[in-house]
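Here the structure is laid out as structure tokens; the discussion comes afterwards.
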Amino acid sequence: DIQMTQSPSSVSASVGDRVTITCRASQGISSWLAWYQQKPGKAPKLLIYAASSLQSGVPSRFSGSGSGTDFTLTISSLQPEDFATYYCQQANSFPRAYTFGQGTKLEIK
Amino acid sequence: EVQLVESGGGLVQPGGSLRLSCAASGFTFSSYWMSWVRQAPGKGLEWVANIKQDGSEKYYVDSVKGRFTISRDNAKNSLYLQMNSLRAEDTAVYYCARDLDYVWGSYRSFDYWGQGTLVTVSS
């Protein structure tokens, strides 16, 4: 089974900061990587799919990159509404399995 | 507007059963892979099961194989999860989610989610 490891597990940042979250797969997953944002008590929201494609309606300050085993989510200039938990998700062996990372909590400094 | 509305959660004793439903609207339900994803209290996300557009293929995470069954009724625009032999570790919010598809296949991610339904397994 493919394992997904996110780092850091939590990060503190200020409004206007640039933040990068990393996701590493235990084996190559091509570009089958998605990123989600989740706020407390709410369902996850898709931000990025296929490693670098911005989901419709998502602000352009969010971007994704990477392929193979190493991926990043970057928020170019943090806004107050961006403080949330972020998850990566792989589906290299679709449709047989999807795996999420353990999450990264982005907190206000 | 795409909507997914789950129902059927509740408190059940260990070893018991529960059937979750997800009512879909605002899109052609029969054209999409659909999944169930769960989240234990204070924990991360875990994919549980998915089902092909016509119901001919179904896949499960190892921890629920043999206990959970995913199904769909395209005439009713509904997705289901039959959960048997429930364990304390099945306690979670269960979300139904739509696969992000394109003309020739899937982007293997979830573009719409329901609000979730809480399943609590406890004596």
Among A:Tyr86, A:Tyr36, A:Tyr98, the residue with the largest mean-square fluctuation in a Gaussian network model of chain A built from Cα contacts under 10 Å is A:Tyr98
Expected field for A:Ser76, accessible surface area in Å² at 1.4 Å probe radius, rounded to 10, holds 50 Å²
Output field shielding_mean for A:87-97 (other chain Cβ, 10 Å radius) holds 5
Straight-line reach check, A:Lys109, cutoff 22 Å on alpha carbons, 8 or more apart in-chain or any other chain, hits among lysines -> A:Lys39
Taking the alpha-carbon centre of each part, the distance from the stretch A:1-53 to the stretch B:57-118 in Å is 21 Å
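Extension gain B:Ser7-B:Lys65, at 0.36 nm per residue separation less the Cα-Cα distance, in nm? Show your work: numbers first, answer last.
On the way: separation 58, 0.36 × 58 = 20.88 nm, distance 2.19 nm.
Gain on stretching B:Ser7 to B:Lys65: 18.7 nm.
What does the average come to when, for each residue of peptide B:39-48, you count the partner chain Cβ atoms lying within 10 Å of its Cβ? Present the calculation step by step, with values, prior to reporting the outcome.
On the way: counts 6, 0, 0, 0, 2, 9, 12, 3, 6, 1.
If you average over the peptide's residues, the count of other-chain Cβ atoms is 4.
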Of the accessible area of the protein assembly as shown, computed with a 1.4 Å probe and all protein chains kept, carbon and sulfur make up a percent value of 46 percent
Once both label points are put 7 Å beyond Cα along the C-beta direction, the A:Lys105-B:Ser25 separation in nm becomes 3.6 nm
Long-range amide H partners of B:Leu11, meaning residues 5 or more apart or on another chain whose placed amide H is closer than 5 Å, are B:Thr120
Expected field for B:Lys58, accessible surface area in Å² at 1.4 Å probe radius, rounded to 10, holds 90 Å²
For B:Ser85 and A:Thr20, extending 7 Å from Cα along the Cα-Cβ vector and measuring point to point gives, in nm, a value of 4.7 nm
For A:Lys45, the lysines lying under 16 Å Cα to Cα, once residues fewer than eight places off in the same chain are dropped, come out as A:Lys105
Applied in sequence order to the stretch B:14-23, the curve 6.51 cos²θ - 1.76 cosθ + 1.60 (Karplus, θ = phi - 60°) yields integer Hz couplings, x standing for Gly and Pro, of x, x, x, 10, 7, 10, 8, 10, 9, 8
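Shielding by partners for B:109-121, please: the mean number of other protein chain Cβ atoms within 10 Å of each residue's Cβ.
On the way: counts 17, 10, 6, 3, 7, 1, 3, 4, 0, 0, 0, 0, 0.
Mean shielding count: 4.
Probe of 1.4 angstrom, ligands and nucleic acids ignored: what's the accessible area per residue over the protein assembly as shown, in square angstrom?
Averaged over the residues of the protein assembly as shown, the accessible area is 45 Å².
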Diffusion coefficient in µm²/s returned for chain B by Stokes-Einstein, Kirkwood Rh over C-alpha pairs, 10 °C and 1.306 mPa s, is 110 µm²/s
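What's the FRET efficiency of A:Ser30 with B:Ser123 using the Cβ-Cβ distance as r and R₀ = 35 Å, to the nearest 0.05? Before the final figure, lay out the partial values.
Values: r = 45 Å, r/R0 = 1.29.
With a Förster radius of 35 Å, E is 0.20.
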The A/B contact buries a total accessible area, at probe radius 1.4 Å and rounded to the nearest 100 Å², of 2000 Å²
Checked against the positive end of the charge dipole of the protein assembly as shown (+1 on Cβ of Lys and Arg, -1 on Cβ of Asp and Glu, about the Cα centre), the farthest of A:Thr74, B:Ser109, B:Leu11 is B:Leu11
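The values are calculated or read from the model by the stated rules, or taken from the named source; none is laboratory data. Just so it is clear, the model here is predicted, and its values are computed rather than measured. Positions of Cβ are backbone-derived with ideal geometry, glycine not excepted, and every protein chain shown enters the neighbour counts. Calculation scope for accessible area: heavy atoms of the full protein, side chains included, ligands and nucleic acids excluded. Shrake-Rupley method; radii C 1.70, N 1.55, O 1.52, S 1.80 Å.
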